[in-house]
Amino acid sequence: MEPLVPGEGARALEDDVVSLIAESNQLAGRIHPILRDSIGDLVRSMNCYYSNLIEGHDTHPRDIDRALANDFSSEPKRRELQKEAVAHIHVQKLIDTGQDPDAWPASAAYASWLHEEFCSRLPPEMLWVTNKQTGQKLPVVPGEWRRHDVEVGHHLPPGHGDLPRFMARFDSAYQAPTLNNFRKIQTVGAVHHRFLWIHPFLDGNGRVARLMSHALFKRLGIRTSLWSVARGLAHDEARYKVLLARADGPREGDRDGRGNLTQRGLIEF
């Protein structure tokens, strides 16, 4: 899954990005922290709505608010999506309020925590996936790596027996990067893609990747309870998915990095 960090060609926008972040932080700083956090509680459900939308789960914001008030629909599928939303909001609130683990978010341990916290709150009916080739129903175990090989669109993630090795490499690459602030921020995108490329869980990888990115930005001092990564990505969901798939591709010649995967595709993502 090399390269793991975007190369030098990705640095062209460094000044613009750093300036934009500084201006954004100044804007957020004009809101009193108590008011900001209160508004954050209100819009967290909207951030969840966008993450659900990326998964193809269209849960109306009104249904999410009702679920937060413990008012669940009598219609089974609608109720399942409401409980999914509540689970997402619970995990994001733990991150926003500093109740997540001390582990660096770009790590196998943190990913496992995210998956367990989210999936353990889902209704049992949502903890199954069906093998499209065999029709076999497979259980999704909260916090545990998949025990079966999978196919994601045109992408074939590593075999389940190789997951410990790939996640160990993921840890070593992203645990303590000796990078400047811009490169650390930029590497969040690489973490997001490479985690999805590994696809360590049987289901829920997209959700975990977005929550992981949200947590990374918070640790890097780029955060506000008024916005989330999922909300931003959902504004151009089609392009997000196209660029994800493009970054899955193999290296395209001598000018496309030195790893097995395309450096150009990673930079573009």
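In this entry, residue 54 is excluded by the filter for residues that are farther than 23 Å from residue 206 by Cβ, among the β-branched types (Val, Ile, Thr) and surrounded by fewer than 18 Cβ atoms within 10 Å (Cβ to Cβ). Return yes when residue 232 is of a type outside the set (D, E, K, R) and at positive phi and no when it is not. For residue 232, the condition - of a type outside the set (D, E, K, R) and at positive phi - is not met.
For every residue, the table says whether it meets (1) at pLDDT 95 or above; (2) closer than 27 Å to residue 219 by Cβ; (3) in contact with a helix residue (DSSP H, G or I) (Cβ under 6 Å, 6 or more places away or on another chain); (4) not assigned by TED's automatic domain parsing to the domain that holds residue 208.
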position: 47; (1), (2), (3), (4): no, yes, yes, no
position: 50; (1), (2), (3), (4): no, yes, yes, no
position: 66; (1), (2), (3), (4): no, no, no, no
position: 71; (1), (2), (3), (4): no, no, no, no
position: 85; (1), (2), (3), (4): no, yes, yes, no
position: 96; (1), (2), (3), (4): no, yes, no, no
position: 102; (1), (2), (3), (4): no, yes, no, no
position: 110; (1), (2), (3), (4): yes, yes, no, no
position: 115; (1), (2), (3), (4): yes, yes, yes, no
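Which condition breaks for residue 259 when tested against (1) more than 16 Å from the chain's Cα centre (by Cα); (2) crowded, with 18+ Cβ neighbours inside 10 Å? For residue 259, the failing item is (2). Taken together, the criteria exclude residue 132 from residues that are exposed (fewer than 11 other Cβ atoms within 10 Å of the Cβ), touching a strand residue (DSSP E or B) at 6+ places or on another chain (Cβ under 9 Å), not hydrophobic (A, V, I, L, M, F, W, C) and not assigned by TED's automatic domain parsing to the domain that holds residue 90. Of the residues in segment 81-105, how many are under 15 Å from the mean Cα position of the chain (by Cα) and polar (S, T, N, Q)? Adding up the residues that qualify gives 1. For the subset of segment 179-228 comprising residues that are within 14 Å of the chain's Cα centre (by Cα) and basic (Lys, Arg), which member is surrounded by the fewest Cβ atoms within 10 Å (Cβ to Cβ)? The selected residue is 218. Consider segment 222-266. How many of its residues are of a type in the set (Val, Ile, Thr), part of a loop (DSSP other than H, G, I, E, B) and modelled with pLDDT under 90? Going through segment 222-266 one residue at a time, the tally reaches 2. Entry remark, segment 120-146: residues being closer than 26 Å to residue 75 by Cα, in a loop (DSSP other than H, G, I, E, B) and in contact with a Phe, Trp or Tyr (Cβ under 7 Å, 6 or more places away or on another chain) number 1 in total.
So in segment 152-187, with the set limited to residues that are part of a loop (DSSP other than H, G, I, E, B) and at pLDDT 90 or above, which one is farthest from residue 200 (Cα to Cα)? Only one residue tops the list, namely 156.
The values are calculated or read from the model by the stated rules, or taken from the named source; none is laboratory data. This one's a predicted model, so the numbers in the text were calculated from it and none came from an experiment. Quick reminder, even Gly has a Cβ in these numbers, built from the backbone with ideal geometry, and neighbours come from all protein chains shown.
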